[in-house]
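All remarks here apply to the structure that follows.
We did not get these values from a lab; they are worked out from the coordinates using the rules stated. Source: prediction; values computed, not measured. Here Cβ is always computed from backbone atoms with ideal geometry, including for glycine, and neighbour counts include all displayed protein chains.
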Amino acid sequence: MYPPFTPDPRGENRSAGRWTTNGFREAESDTTVTTESPRAKGIVAVMGLGYVGLPTSLGLVDAGYQVIGIDIDPSRLTAIRSGRVDLPESDHPRLATALAKQRLILSSDPVAVQSTEAVLVCVPTPLDAHRLPSLTALERACDDVVRNAVPGQLIVLTSTSYVGTTSDLLVVPLLARGLTPGRDIHVAFAPERIDPGNQIFPQEAVPRVVGGVTSACAERACALLGPIVGGLHVASAPVVAELSKLLENTFRAVNIALANELADISATLGLDPMEVINAAATKPYGFMPFYPGAGAGGHCIPVDPHYLLWQLRPHSLTTPVIGQAMEALAARPGRMVDRAVQLLSDAGKGLRGARVLMTGVAYKPGVADLRCSPALDMIQLLAERGAEVAYHDPLVDQVRLAEGHPVRSDPAPLPEDYDLVVVYGLQPGFDYAWLDRCRLLLDCTYRLGIGAEIPATGELRDERDDDFGQVDDVALSAR
Ligand SMILES: NC(=O)c1ccc[n+]([C@@H]2O[C@H](COP(=O)([O-])OP(=O)(O)OC[C@H]3O[C@@H](n4cnc5c(N)ncnc54)[C@H](O)[C@@H]3O)[C@@H](O)[C@H]2O)c1
């Protein structure tokens, strides 16, 4: 494999790297980048203890650091203290031990940053109601970090954001405080790639891109992150790392939108889209399978491409492929609801007053995370159009609609109680044999297969690409 061109726009003597057989560039011992930190086993602050920050903190504790976990949400700190957090089962003893031995100390006070040798910023970067970047949390966290920064410290931004964030929110304010990155303090951007619930690629097995403001900054960031990730790729600057992260998730969004379109094409032509995709996936090069669903959920795929689209608005550059993919993904839950209406209509029923069960509401199998779940959009639309909606998801205790109205949970559904069952997703390890008795079923996963047996374990027939709530619409397997 040829290494791609690595730009060095400022002509600085930046870190080189070598390419592994996996195609990743890793730090070379004869460059400034190493994975051994001379300051290892010190104290590190992690700002934001969510899906990214908490497992990152545990990884750093395992690597020998003492971690001060800082979160502005007291309820989050309480939940972490009591262990009531959405972590893989194996991480709960790690958390309990780290807290008991004070290797992980919880705080809501950013002043604690002053006593650390390094700070990782892992706060959310969501969208607002107009699908525009909401930078409030990131701006506040970076402001807190800059105000409490001390000379000699390393600051690593890991939150996904627009290109130039590291400069705007860290470098420029630090300079204004008299701290020059690369000389007085080190600053880098190292985007997080964690996929919660993914047992095959845990955080520590996934390589990390690091873009330092200078080579020394990259070196410090690599030294900190090296022990907790599966490899390092040094980019020539933070902006490269920032855009690479947006590219990764835009790539997924566009391909999921394409898979959804393929599902519609297959339905029109009377074919099973999963069979078509799996046939194409036998090509060993130049094709990567993506699977259709009811949209894309979580706080990455439906969100991150909008940071790019937003940033490009002032420029005279149109990006129709990305723009249309995001519109199609946003419209997908509505298309599913239209399919539900069609199914009911074909069965001689109207949606108003129909009893509908949404099976699976977490944005993807194996997690309890409801963020940006297309299932919630579907429930909202179904309810607005007069359906009586309940949900069944063994991992999700409660669901509320936008106005705060609770949705009824049905932990042990009887198929005969519902006019229509909509399968958004199936949680692994639970019994779904009851789906076989449904009068009318809309399979948004496309994976149950038209007329296929529904597996009692909830295992779907292809798990290779389960990153984001992929549900199909067209497997209109009305039974
Ligand atoms: N969740 C994922 O799967 C994933 C994967 C890759 C990248 N990312 C990115 O990582 C970043 C963090 O995502 P997340 O899923 O962990 O978010 P999250 O919402 O789960 O957690 C963020 C935490 O930060 C806290 N917080 C907010 N503002 C703060 C502040 N000013 N100071 C201290 N704490 C603050 C919140 O209370 C919350 O507990 C985002 O940019 C996201 O896009 C997330």
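From least to most packed, judged by other beta carbons within 10 angstrom and beginning with the fewest, 315, 233, 299 follow the order 315, 299, 233.
The value for the stretch 282-342 of Rg(Cα) / (2.2 N^0.38 Å) is 1.41. With a cut-off of 10 Å between beta carbons, the residues surrounding residue 202 carry a summed charge of -3, where Lys and Arg count +1 and Asp and Glu -1. Taking each residue as 0.36 nm, the span from residue 111 to residue 408 lengthens on full extension beyond its C-alpha to C-alpha distance by 102.6 nm. When the alpha carbon gyration tensor of the stretch 68-171 is reduced to an equivalent ellipsoid, its three semi-axes come out at 25, 19, 12 angstrom, largest first. Potential lengthening of the chain between residue 388 and residue 89 amounts to 104.2 nm, from the contour at 0.36 nm per residue minus the alpha-carbon distance. Spin-label pair residue 436-residue 102: with each label point 7 Å from Cα along the Cα-Cβ axis, the two points sit 5.8 nm from one another. In units of the rule-of-thumb radius 2.2 N^0.38 Å, the stretch 274-443 shows an alpha carbon radius of gyration of 1.15. Each principal axis of the Cα atoms in the stretch 349-419 has its own extent, and those three values, largest first, are 33, 27, 17 angstrom. Each residue of the stretch 159-171 is assigned a 3J(HN,Hα), and the resulting list reads 5, 5, 7, 5, 6, x, 4, 4, 5, 5, 9, 10, 4 Hz, derived from the Karplus form 6.51 cos²θ - 1.76 cosθ + 1.60 (θ = phi - 60°), x at Gly and Pro. Annotation: the residues 122, 438, 444, sorted from fewest to most other C-beta atoms within 10 Å of their own C-beta, follow the order 438, 122, 444.
Each 5 Å bin from zero holds the following percent of Cα-Cα pairs in the stretch 22-236: 1, 7, 16, 20, 21, 17, 10, 5, 1, 0. Each residue in 242, 384, 117 was given a count of other beta-carbon atoms within 10 angstrom of its own, and listing them fewest first yields 384, 117, 242. Computed from label points 7 Å out along Cα-Cβ, the spacing between residue 261 and residue 78 is 4.8 nm.
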